[in-house]
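Chemist: Got a structure here, written out as structure tokens. Questions coming.
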Amino acid sequence: MRSLLFVPGDSPSKIAKAATAGADVLLLDLEDSVAPSSKSQARSVVAEAVVGLRAEGAACRLFVRVNALDTGLTDADLDIVMKAAPDGLMLPKSATGADVQHLAAKVAVREAEFGLPDGATKIIAIATETAASLFGLGTYRGASPRLAALTWGAEDLAADLGAETNRTETGAYADPYRLARTLTLAGAAAAELPAIDTVFTAFRDAEALRHECEAARRDGFSGKMAIHPAQVPIINEVFTPSAEAVAHARRIVEAFAAAPDAGVVGIDGKMIDRPHLRQAQRIIARAGDQDPL
């Protein structure tokens with residue numbers, strides 16, 4: 001999951017275009033990008049798109065961002081889109097792991113009703129869109145086997161905090177949002193889940209996007225969400241490990257496999273311990289040698 005591209009769920013033409021962008025995950029949106037009057041239509045459009053794209057052999061995974069649990073719209077979303085058997089759902093405004101459990105229970109009912117394999121539908125939670133949610137980022141460990149990743153959002157959080165903006169005059173995130181980003185990274189690591197970085201809204205600024213991607217990769221994020229197809233190639237490039245990095249990671253994994261009881265191994269005159277093994281395994285996973293979902 002390097003790149004996750006949002007596309008409005010009420011626009012068949014935008015969905016068709018987004019499907020060719022090369023994103024690892026297509027996020028068909030029923031929430032913020034769809035007006036209240038268009039929600040019903042968007043559900044049908046999204047369900048038809050999932051079926052159609054899968055029939056066409058689309059390489060990307062197909063996730064649907066449903067409306068938040070407290071809107072009263074989630075059940076109607078699930079009743080329509082679950083019939084199409086999406087690969088997963090994105091849960092906005094998740095406050096704690098209990099919200100993931102709540103959605104997971106609703107999904108399990110639909111899987112049984114529509115004859116889908118139990119547990120097949122994964123969940124990605126957006127875990128920082130309200131002030132209250134910042135206090136719940138330690139609760140996702142073990143919340144549900146369906147939970148595939150955590151991500152964070154700065155736009156809704158700014159609205160909830162009553163902020164004028166979420167970035168400083170330099171373009172960097174202000175302190176409240178840096179805190180949310182850090183807590184998401186720590187919460188995901190504690191839950192042994194991938195952490196996905198939030199969107200970069202200035203979609204025409206490729207240089208700034210690349211800088212933000214590189215910072216996210218450096219800190220431990222495994223991918224980034226996108227709001228425009230033009231962002232996808234940069235995100236994929238930055239979050240794809242180099243051939244040299246993958247080769248070195250494989251050497252570490254092979255060295256520990258050859259000495260399973262060792263706490264430390266030597267490679268090229270350097271002592272490599274088990275934290276390095278975990279980093280190597282993650283690099284290999286990011287390179288596509290393992291399915292992170």
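Chemist: Under 6 Å between Cβ atoms, which residue pairs at least 6 apart in sequence (or on different chains) link something in the range 209-226 that is surrounded by fewer than 20 Cβ atoms within 10 Å (Cβ to Cβ) with a partner that is at pLDDT 95 or above?
Modeler: R210/I234; E214/V238; G220/L185
Chemist: Does D197 satisfy the criteria of being within 23 Å of I123 (Cβ to Cβ), surrounded by fewer than 20 Cβ atoms within 10 Å (Cβ to Cβ) and of a type in the set (D, E, K, R)?
Modeler: no
Chemist: Separate question: If you take the residues of the range 209-234 that are out of contact with any Pro (no Cβ under 6 Å at 6 or more places or on another chain) and assigned to a loop (DSSP other than H, G, I, E, B), which of them is farthest from A149 (Cα to Cα)?
Modeler: Of everything passing the filter in the range 209-234, H228 is farthest from A149 (Cα to Cα).
Chemist: Turning to a different aspect of this structure: Regarding L209, is this residue of a type outside the set (G, A, S) and more than 27 Å from A143 (Cβ to Cβ)? Before the answer, list the steps.
Modeler: On the way: of a type outside the set (G, A, S): yes; more than 27 Å from A143 (Cβ to Cβ): yes.
Spelling it out, L209 is indeed of a type outside the set (G, A, S) and more than 27 Å from A143 (Cβ to Cβ).
Chemist: Now for a different question. Tally time: how many residues in the range 138-152 are within 19 Å of H102 (Cβ to Cβ), assigned to a loop (DSSP other than H, G, I, E, B) and within 15 Å of the chain's Cα centre (by Cα)?
Modeler: Of the residues in the range 138-152, the ones within 19 Å of H102 (Cβ to Cβ) are 138-151.
If we keep only those that are assigned to a loop (DSSP other than H, G, I, E, B) as well, we get 138-146.
Subset that is within 15 Å of the chain's Cα centre (by Cα): 140, 146.
Residues meeting the conditions: 2.
Chemist: Can you tell me which of (1) under 18 Å from the mean Cα position of the chain (by Cα); (2) at pLDDT 95 or above is the one D32 doesn't meet?
Modeler: For D32, the exception is condition (2).
Chemist: Has the range 68-80 got at least one residue that is more than 21 Å from K39 (Cα to Cα) and either in the same structural domain as R43 (by TED's automatic domain parsing) or surrounded by 16 or more Cβ atoms within 10 Å (Cβ to Cβ) (or both)?
Modeler: Checked against the condition, which is being more than 21 Å from K39 (Cα to Cα) and either in the same structural domain as R43 (by TED's automatic domain parsing) or surrounded by 16 or more Cβ atoms within 10 Å (Cβ to Cβ) (or both), the range 68-80 yields no hits at all.
Chemist: Kindly provide the set of residues from the range 187-236 that are closer than 19 Å to A18 by Cβ and of a type in the set (F, W, Y), ordered by number.
Modeler: Answer for the range 187-236, where residues must be closer than 19 Å to A18 by Cβ and of a type in the set (F, W, Y): F200, F203.
Chemist: Determine whether the range 193-208 contains at least one residue that is in a loop (DSSP other than H, G, I, E, B) and basic (K, R).
Modeler: Taking every residue of the range 193-208 in turn, at least one turns out to be in a loop (DSSP other than H, G, I, E, B) and basic (K, R).
Chemist: Are there any pairs with C-beta distances below 7 angstrom linking a residue in the range 188-200 that is farther than 12 Å from E212 by Cα to a residue that is of a type outside the set (G, A, S) and in a helix (DSSP H, G or I), with the two at least 6 apart or on different chains, and if so which?
Modeler: A195/T184; A195/L185
Chemist: Can you name every one of the strands (runs of 3 or more DSSP E) wholly within the range 1-108 that holds 1 or more residues which are of a type in the set (F, W, Y)?
Modeler: Hits in the range 1-108: 3-8, 61-65.
Chemist: For the range 176-193: of the residues being of a type outside the set (A, V, I, L, M, F, W, C) and at pLDDT 95 or above, which is surrounded by the most Cβ atoms within 10 Å (Cβ to Cβ)?
Modeler: Among those that are of a type outside the set (A, V, I, L, M, F, W, C) and at pLDDT 95 or above, it is T184.
Chemist: Can you name the condition, by its number, that M82 falls short on among (1) more than 14 Å from the chain's Cα centre (by Cα); (2) within 22 Å of G223 (Cβ to Cβ)?
Modeler: (2)
Chemist: Taking the criterion of being under 24 Å from I272 (Cβ atoms), of a type in the set (F, W, Y) and touching a helix residue (DSSP H, G or I) at 6+ places or on another chain (Cβ under 9 Å), would at least one residue in the range 203-225 satisfy it?
Modeler: Yes, there is a match, as at least one residue in the range 203-225 is under 24 Å from I272 (Cβ atoms), of a type in the set (F, W, Y) and touching a helix residue (DSSP H, G or I) at 6+ places or on another chain (Cβ under 9 Å).
Chemist: Hey, can you tell me all the residues within the range 109-129 that are without any contact (Cβ under 8 Å) to a residue 40 or more places away in the chain, in a loop (DSSP other than H, G, I, E, B) and surrounded by 20 or more Cβ atoms within 10 Å (Cβ to Cβ)?
Modeler: T121, E129
Chemist: Something else: Report, by residue number, each residue of the range 47-67 that is in contact with a helix residue (DSSP H, G or I) (Cβ under 7 Å, 6 or more places away or on another chain), surrounded by fewer than 23 Cβ atoms within 10 Å (Cβ to Cβ) and small (G, A, S).
Modeler: A47, the sole residue that qualifies.
The values are calculated or read from the model by the stated rules, or taken from the named source; none is laboratory data. Here the structure is a predicted model, which is why all the values come from computation and not from measurement. Please note: Cβ atoms are built from the backbone with ideal geometry, for glycine as well, and neighbour counts cover all protein chains shown.
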